[in-house]
Amino acid sequence: MADKFYITTPIYYVNASPHIGHSYTSIAADTLARYMRKTLQKENVWFLTGSDEHGQKIQKAADEAGLSPQEFVDKIVVQFKSLWGKLDISNDDFIRTTENRHTRTVTRALEILYAKKINGLPMIYPEKYDGWYCTPCETFWPQSQIIDQICPDCKRPLEKISEINYFFRLSAYQDWLIKYLEENISFIRPESRYNEVFSFLKNNKLTDLCISRPKERLRWGIPLPFSQEHVVYVWFDALLNYISAVGEFDQQGVYRSPWWGDDCKVVHLIGKDIIRHHAVYWPIMLHALDIKLPKEMTIFAHGWWMMGQDKMSKSRGNVVSPLEMVGQYGIDAYRYFLLRDVPFGLDGNFSEEAIIKRYNGDLANDLGNLLYRTLTMVEKYYQGVVPDVGAHTWSGQEKIIREKMEKAGSVNAAISVNLASAGNNINFSAALESIWELIGMANKYVEETKPWNLAKENKSAELKAFIRLLVDVLRFVAESISPFMPSTSESIRKQIGEDKIIKGNPLFPRIDTKKPA
Ligand code: MSP
């Protein structure tokens, strides 16, 4: 495993307020960043997020709001930043594509590529384009991939377009990318997505990528350094945020960054809808710029949150606000739900009933109850002082629970261990499930042991060991949930982390689902 860890979210389009889908990627990235900070130390982890502020979508939204694009993005970006604060997202940096450091890098990257040749041909060349374009997706589609003039991705009507544009010679890198993927199977995860991209590359010919838009059609973008009449295609601009935020090209055009190299693992977390851009365009752009792909680099694509049959998205008008959910259930219950309910990588169905079920079951009944009853017993039997058992031999159910703690610890650690291995599987849900199995065992142990009988029968050594075990379980739980639910972890630690307990308010007061009569 590399010594350093650089994790990113996609940079979000600030054409509308953030919704649950956006918060999902950020919460997942935050959890990994927090996890890796525990493993590698804080200074060896860099967590980047940001905003994608150029392009047609933004220009259109700004026009509709009667604002200039810059005024518009300045307004919306505040909502994203404030949401991340409210969700305890611990990003180290936030890049906006309208910032100087970014536009400078994009311009430089284009100058470098423009001066280069591949197979004796210019890497970037102008050409008249006649074809089909999806404005909402900002994507050109080759005739071979379209049916009935409908966008293969978003299913909206395509526009016929005829104009001069600049193209990046993506096609020249197809064999290189196939070979790279063959040699780096963990570059795209989960495995199903790797297979999808790999077979796409094996069965289709890559077409060159159109990297410009005429200013007469789109004003809002970074000017192309070698044409007065064009701005840069928003995806070409956006992908470069991953390097513009953490480094610079030097005078000789060599990219330098403390977070890019073989000593640093790079993980780009994205949704499955933007896999092609990240798994095809991005590695080719880097390679063309002579930026070596780090030895450990993974693009992990998660699934979608659906509302019934549809993806939750602004264009479908079915979005749920994360702020509303947090107001209703609290930050940690929301974070827990998103990461626990659906295995990372698969689609999930969003509903408040499902949140309430997790809240009342896993959080109030299981975790809340274990903490409450343990604190109550420490108070009742030991005047609030956590008992010390000295050199105790754990046997029977106690031993089983201690072993389970070790196992849960290793499942939790598997998040990072797997990140380093070829498996590269990020499975938040399994890690949480394993911790909750332990909580369930501890609760069952209380019910079966009946501590009040131990007290009545004056079995003081057994009672001490019993309570000490529960305290240890809770301390372990606080430690292992900290990347997922930072403030709950803190609260458990405050109540039971020291020798003297400090009983606080219940962690998750039950939500009454019965309607008032
Ligand atoms: N701006 C581009 C990303 C550029 S990265 C160099 C973009 N932005 S987005 O705002 O449309 O989407 C950002 C992320 O949110 C994507 O990873 C997308 O998959 C995710 N989600 C948007 N809706 C979603 C759901 N309903 N469910 C889960 N995630 C989804 O794409």
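The values are calculated or read from the model by the stated rules, or taken from the named source; none is laboratory data. As the structure is a computational prediction, the values presented were derived from the model and not from experiment. In this analysis, Cβ positions are derived from the backbone assuming ideal geometry, glycine residues included, and neighbour counts consider all displayed protein chains. All accessible areas refer to the heavy atoms of the entire protein, side chains included, with ligands and DNA or RNA removed. Shrake-Rupley method; radii C 1.70, N 1.55, O 1.52, S 1.80 Å.
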Helix 331-341 sits off the longest principal axis of the Cα atoms of the chain, rounded to the nearest 10 on a 0 to 90 degree scale, by 80
Semi-axes in Å, largest first, for the range 1-125 (Cα gyration tensor, √(5λ)) are 28, 25, 11
Amide H neighbours of L346 at under 5 Å, excluding residues fewer than 5 places away on the same chain, with H built from the backbone geometry, are G303
With T = 20 °C, eta = 1.002 mPa s and Kirkwood Rh from C-alpha pairs, the Stokes-Einstein D of the range 297-442 in µm²/s is about 118
Measuring from its Cα centre, the range 424-499 shows a charge dipole (+1 at each Lys and Arg Cβ, -1 at each Asp and Glu Cβ) which, in debye to the nearest 20, is 220
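Rounded to the nearest 5, what % of the DSSP beta bridges within the chain are antiparallel ones? Spell out each step's value before the answer.
Details: 28 of 54 bridges.
Bridges in the chain are about 50 percent antiparallel.
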Magnitude of the Cβ-charge dipole (Lys and Arg +1, Asp and Glu -1) of the range 258-299 about the Cα centre, nearest 20 debye, reported as 140
Ordering W260, W46 by the accessible surface of their heavy atoms, 1.4 Å probe, largest first, yields W46, W260
Probe 1.4 Å, all chains present, heavy atoms only: D310 accessible area in Å², nearest 10, is 80
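Tell me, rounded to the nearest percent, the portion of alpha carbon pairs in the range 230-338 spaced more than 19 Å apart.
60
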Kirkwood-based Rg/Rh on the Cα set of the chain evaluates to 1.04
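In terms of solvent-accessible area of protein heavy atoms at a 1.4 angstrom probe, what is the ranking of E479, E138, E43, highest value first? Walk me through the numbers before you get to the answer.
Values: E479 80, E138 0, E43 130 Å².
Sorted descending by solvent-accessible area, the residues read E43, E479, E138.
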As straight-line cross-link partners of K205, the qualifying aspartates and glutamates (C-alpha separation under 18 Å, not fewer than 8 residues apart within one chain) are D175, E182, E196
Calc'd 3J(HN,Hα), the range 268-276, phi into Karplus 6.51 cos²θ - 1.76 cosθ + 1.60 (θ = phi - 60°), Hz, glycine/Pro = x, comes to 9, 8, 9, x, 5, 6, 10, 5, 4
Taking the convex hull of the alpha-carbon atoms of the range 194-244 and averaging its shadow over every direction gives an area in square nanometres of 5.1
Helix 191-203 sits off the longest principal axis of the Cα atoms of the chain, rounded to the nearest 10 on a 0 to 90 degree scale, by 20
Length-normalised contact order of the chain, Cα under 8 Å, at least 6 apart, in percent, tallies to 16
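How large is the convex hull of the C-alpha atoms of the range 60-115 per residue, in Å³? Show your work: numbers first, answer last.
Numbers: hull volume 6.3 nm³, N = 56.
It is 112 Å³ per residue.
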Taking placed amide H atoms and a strict 5 Å upper bound, the residues 5 or more places from T298 or on another chain that come that close are V266, V267, H268
Helix-only [θ] at 222 nm, the chain, -39500 (n - 2.57) per DSSP H run of 4+, per residue, nearest 500, equals -14000 deg cm²/dmol
Over all Cα pairs of the range 56-173, the Kirkwood radius sets Rh, and Rg/Rh then becomes 1.05
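Rounded to the nearest percent, how much of the accessible area of the range 329-455 (1.4 Å probe, protein heavy atoms only) is carbon and sulfur? Mind dumping the intermediate values first?
Values: 2810 of 5320 Å².
Reported share for carbon and sulfur atoms: 53 percent.
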Rounded to the nearest 10 degrees, the helix 100-114 long axis (Cα) sits at an angle to the longest Cα principal axis of the chain of 50
The ³J(HN,Hα) series, computed from each phi in the range 455-460 with the Karplus coefficients 6.51, -1.76 and 1.60 at θ = phi - 60°, rounded to the nearest Hz and given as x for glycine or proline, is 5, 4, 8, 6, 8, 5
Applied in sequence order to the range 376-393, the curve 6.51 cos²θ - 1.76 cosθ + 1.60 (Karplus, θ = phi - 60°) yields integer Hz couplings, x standing for Gly and Pro, of 4, 6, 4, 5, 5, 8, 10, 6, x, 9, 5, x, 9, 9, x, 7, 9, 9
Excluding residues fewer than 8 positions from K81 in its own chain, the lysines with Cα under 23 Å of it are K42, K57, K60, K314
Set K380/K503; K179/K292; K38/K272, cut-off 20 Å on Cα-Cα distance; pairs above it are K38/K272
With N residues in the range 427-491, Rg(alpha-carbon) / (2.2 N^0.38 Å) equals 1.33
Carbon and sulfur atoms account, in whole percent of the 1.4 Å probe accessible area of the range 1-88, for 51
In the range 133-241 the accessible area split gives carbon plus sulfur, as whole percent at 1.4 Å, a share of 49
Amide H proximity to V231 below 5 Å, modelled H, separation 5+ or other chain, gives R213, K215, L224
Sorted by accessible surface (1.4 Å probe, heavy atoms of the protein chains only), largest first, M285, M441 come out as M441, M285
Mean accessible area per residue over the chain (1.4 angstrom probe, all protein chains present, square angstrom) is 43
With +1 on the Cβ of every Lys and Arg and -1 on the Cβ of every Asp and Glu, the dipole magnitude of the range 335-379 about its Cα centre, in debye rounded to the nearest 20, is 100
